Amino acid sequence: MNVLGVESSCDETAAAVVANGRQIISNVVNSQINIHKLYNGVVPEVAARSHLEVVIPVIDEAVQAAGGWDQIDAIANTTMPGLIGSLLIGSLSARMLAIVKNKPYYPVHHVEAHVYANFLGDKAPSFPFLSLIISGGHSQIVLFRDHGNYELIGQTADDAVGEAFDKVAKIIGLPYPGGPSIAEAAKNGDPHRFHFPKAHMHNKYDFSFSGLKTAVLREVQSTVGVDHTFPSTKLADKLDEQTRNDFAASFQQIACETLVDKLVMATNEFQPRSVVVAGGVAANQELRRQLIERLPIPINFPTPALCTDNAAMVASLGYFKAQRTTPTDPRHLEVIPSISMNQTIWNN
Ligand code: KG4
Ligand code: ZN
């Protein structure tokens, strides 16, 4: 069964065709990173306009590369959560095509789809597995007992970890998106020069990253010899390259350790058969190193290109939904900008 996935929840317009939830036939991603770099972050209105410009050619390219519409058996589409204008454009396009081409339509949850990047290719994770889903908008640990049968174990109380990478990058003067630029700078930095605190949470599996970001801000202020009244946008100019690299490495070290500490605890308690890492931050090599070093069970990581937003993961999840649920009528559907994975979303 070939599923066409359509993704537009944030700043990537993407379409992909995947066979049987596992084999990528085509995978097209139009990233807006170069546009948003100009603004140092995603501007929702700009994102929506860019989706509008490219959504049709992106879908067309993915379908043609798979041999045309006759080869498509179903359409899966991200309808939640995300930026509302961005979601609306991908969703309306996918719904319209489902009606015109007469294909069954499956709405999918973006965060859940990230996990399915791990089903693409040769090695699928074994159930039950613990997933660590870490992106620019989400940080959570979810226990998957089976497809569509999962439980939220912990989540961030404030900023997502990718958001913390992006905000810290801004403070120390590294370009957007912060994750890859911090990882790059950290290669030449000392991860032990600065000591940042780990937040203690009421639910031991919850995270908090906003305190870590503030701790970095305060340490930068004291290192360059200014107080909190100094404009934060001018702080980076006062950092030399080595100090900037040391901040990147020390922040990355503690952010990764925080995530791995929780996963080690959760693995001991829930005894999963594997651990699955997903979302943009899963591309981080230091995180991968720490996980492999500290977890005694198999760990699945998507290839770096499938960690960040793409539509192959959407098509994969769509396939598994199609095996167990009935299609949704594309005429009756709304996008949901904000919805956590702890709510039941499979309509079986
Ligand atoms: O999954 P994603 O593409 O979009 C969301 O759904 O949010 O994740 C984007 C996030 C950004 O915050 C970016 O800085 C972060 O993933 N990221 C990384 C790396 N590559 C991307 N964070 C740490 N290390 C990386 N190598
Ligand atoms: Zn994402």
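Values quoted throughout were computed directly from the atomic coordinates according to the rules given, and no laboratory measurement underlies them. Given the structure is predicted, the values throughout are model-derived calculations rather than measurements. Cβ coordinates were reconstructed from backbone atoms using ideal geometry, including for glycine residues, and neighbour counts include every protein chain displayed.
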**Study point:** Cα shape, segment 129-300, gyration tensor, a/c 1.5 rule
**Key:** prolate
Review point. What percent does the relative contact order of segment 103-159 come to when contacts are Cα pairs within less than 8 Å and at least six residues apart?
Key: 22
Review point. Among Tyr106, Tyr150, which comes first, then next, by fewest other beta-carbon atoms within 10 Å?
Key: Tyr150, Tyr106
**Study point:** For Phe194, net neighbour charge (Lys/Arg +1, Asp/Glu -1) across residues whose Cβ lies under 14 Å away
**Key:** +1
**Study point:** Cα convex hull volume per residue for the chain (Å³)
**Key:** 128
Check your understanding: By the gyration tensor of its Cα atoms, with a ≥ b ≥ c the square roots of the eigenvalues, what is the shape of segment 1-80: rounded for a/c under 1.5, prolate for a/b over b/c, or oblate?
Key -> prolate
Revision key, fill the gap. Between the alpha carbon centres of segment 212-249 and segment 129-198 the gap in Å comes to 20
Review point. Restricting to lysine pairs 8 or more places apart or on different chains, what number in segment 129-300 have Cα atoms under 24 Å apart?
Key: 21
Point to revise | Charged-residue dipole, Cβ positions (Lys, Arg, Asp, Glu), segment 129-300 about Cα centre, Debye nearest 20 | key: 120
Practice item. Can you spot the lysines whose alpha carbon is less than 27 Å from Lys103's alpha carbon? Ignore those fewer than 8 places along the same chain. Key: Lys321
Point to revise | Check: the chain dipole with +1 on Lys, Arg Cβ and -1 on Asp, Glu Cβ, in debye | key: 380
**Study point:** Normalised convex hull volume, segment 121-187, alpha-carbon set, Å³ per residue
**Key:** 124
Practice item. Quote the relative contact order of the chain in percent (integer), defining contacts as alpha-carbon pairs under 8 Å separated by 6+ residues. Key: 26
Check your understanding: Which is farthest toward the positive dipole end of segment 129-300 among Val226, Asn203, Leu143, measuring Cα position about the Cα centre, with Cβ charges +1 (Lys, Arg) and -1 (Asp, Glu)?
Key -> Leu143
Point to revise | DSSP-defined antiparallel bridges as percent of all bridges, the chain, nearest 5 | key: 60
Practice item. Would you mind calculating the gained length between Ser126 and Gln285 on full extension (0.36 nm times residue separation, minus the Cα-Cα distance), in nm to one decimal? Key: 54.9 nm
Exercise for review: Using just the alpha carbons, could you tell me how many Å³ per residue the convex hull of segment 229-348 encloses?
Suggested key: 209
Check your understanding: How would you classify segment 1-137 from its alpha-carbon gyration tensor, with a ≥ b ≥ c the square roots of the eigenvalues: rounded for a/c under 1.5, else prolate if a/b is greater than b/c, otherwise oblate?
Key -> oblate
**Study point:** Unit charges at the beta carbon, dipole of segment 70-139: most positive-side option, Ile72, Pro125, Gly85
**Key:** Gly85
